[in-house]
Amino acid sequence: MLIDTHCHINSEELRLDARALITRARDEGVKKMLIVGCDYEDSCEAAAMSEDFSHLGLYASIGIHPHESKRYDEIPPEFRKISGMKRVVAIGETGLDYHYDHSPKDDQKRMFELHLRFAEEVNLPVILHIRDAMDDAMEILTVHRGLKMLFHCYSGGLEYLNEVLGMGGMCSFGGAVTWDTKSSETLREVVRKIPLENILCETDAPYMSPSPLRGRRNEPANVKYVYSRIAEERGMSFAELSRAVEDNAKRFFGWE
Ligand SMILES: [Zn+2]
Ligand SMILES: [Zn+2]
């Protein structure tokens, strides 16, 4: 079984095509997909889709993306109820993104902190989006060590890997592991060295298409390219990696 632990099937680009692309993914062996929310409406949509398509292996995560943090004073109160839905298995994506700085850093930090406290309160894992902000993020996360953390689209390099592993963090890798760029080479170094039990795979669809589809709209079926490159880098079989990632995801999300 393959698993896409981070996709935006609820996005404008993919929503109308949801049924077809979920079917394509399942035909490729992707039996579980986690839809990630980025703002209030988006999170409601993710939760609703995870129920509508529960028979097809969909799950949801609810949160406010760091880009959107300036629009919020608090965690939407409705999130308390939504977080109790059966298919909602995580809080996020939350974190810090200093690469684009779409929201002021103070707003990002404030909402990040609120998400971590909320995740503790409802006892769910967090999905972290951290870009060019590892120092600040680690400082905030150290206080919340007890949380289960998934560093989505991990980009901290070997530099931060030990710290992340020390907090029991999982790293999720996407299309970037397949690209022919210098930063992707750095990422592949991480992929070769990280313990097998800390690896998860994702597409971040509709973004981040893997080679050979780079530049095109991404979808969960393409997670197979991520698996095959990681397996190749680690000198293991595709089947062996799939089994390990399946175990990792089960342990992390607590799903059946
Ligand atoms: Zn993200
Ligand atoms: Zn995302």
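Of all residues in the range 85-104, exactly one satisfies the criterion of being among the acidic types (Asp, Glu) and more than 16 Å from ligand 2 (Cβ to nearest atom), namely ASP101. Output the number of residues of the range 197-215 satisfying the condition of being open to solvent by less than 30 Å² (accessible area, probe 1.4 Å) and within 16 Å of ligand 2 (Cβ to nearest atom). So the count comes out to 9.
Would a scan of the range 226-248 turn up a residue that is at positive phi and in contact (Cβ under 8 Å) with a residue 24 or more places away in the chain? The answer is no, given that none of the residues of the range 226-248 is at positive phi and in contact (Cβ under 8 Å) with a residue 24 or more places away in the chain. All of HIS55, HIS67 fail the test of being open to solvent by 30 Å² or more (accessible area, probe 1.4 Å) and within 17 Å of the chain's Cα centre (by Cα), apart from HIS67.
Of all residues in the range 77-98, those that are crowded, with 19+ Cβ neighbours inside 10 Å, at negative phi and not aromatic (Phe, Trp, Tyr) total 11.
Across the range 19-52, the number of residues qualifying as away from ligand 1 (no atom under 16 Å from the Cβ), in contact (Cβ under 8 Å) with a residue 60 or more places away in the chain and open to solvent by less than 10 Å² (accessible area, probe 1.4 Å) comes to 4. As for the range 216-223, it holds at least one residue that is within 16 Å of ligand 2 (Cβ to nearest atom) and either open to solvent by 60 Å² or more (accessible area, probe 1.4 Å) or small (Gly, Ala, Ser) (or both). Pick from the range 142-159 the residues that are of a type in the set (A, V, I, L, M, F, W, C) and more than 16 Å from ligand 1 (Cβ to nearest atom): which of them is most open to solvent (accessible area, probe 1.4 Å)? Here the residue is VAL143.
May I ask you to verify whether ASP107 is more than 15 Å from ligand 2 (Cβ to nearest atom), within 21 Å of ARG131 (Cβ to Cβ) and crowded, with 17+ Cβ neighbours inside 10 Å? Against the criterion (more than 15 Å from ligand 2 (Cβ to nearest atom), within 21 Å of ARG131 (Cβ to Cβ) and crowded, with 17+ Cβ neighbours inside 10 Å), ASP107 qualifies. Each residue in the range 160-184 was checked for being among the hydroxyl-bearing types (Ser, Thr, Tyr), open to solvent by 10 Å² or more (accessible area, probe 1.4 Å) and under 12 Å from ILE194 (Cα atoms), and 1 of them qualify. Contact map, the range 141-161: residues that are without any contact (Cβ under 8 Å) to a residue 24 or more places away in the chain paired with residues that are open to solvent by 10 Å² or more (accessible area, probe 1.4 Å), Cβ distance under 6 Å, separation 6+ or inter-chain. Pairs shown: ARG145/MET167. Scanning the range 227-255 for residues that are among the hydrophobic types (A, V, I, L, M, F, W, C) and either within 16 Å of ligand 2 (Cβ to nearest atom) or part of a helix (DSSP H, G or I) (or both) returns ILE230, ALA231, PHE238, ALA239, LEU241, ALA244, VAL245, ALA249, PHE252, PHE253.
Test of understanding: among ILE194, ILE230, which residue is over 16 Å from the mean Cα position of the chain (by Cα), crowded, with 22+ Cβ neighbours inside 10 Å and more than 19 Å from GLU93 (Cβ to Cβ)? Answer to the selection: ILE230.
Summed over the range 6-18, the residues that are over 9 Å from VAL36 (Cβ atoms) and within 14 Å of ligand 1 (Cβ to nearest atom) give a count of 1.
The values are calculated or read from the model by the stated rules, or taken from the named source; none is laboratory data. This is a predicted model, so every value here is computed, not measured. No Cβ is skipped: glycine too gets one built from the backbone with ideal geometry, and neighbour counts run over all protein chains shown. In case anyone asks, the SASA skips ligands and DNA or RNA and just uses the protein heavy atoms, side chains included. Shrake-Rupley method; radii C 1.70, N 1.55, O 1.52, S 1.80 Å.
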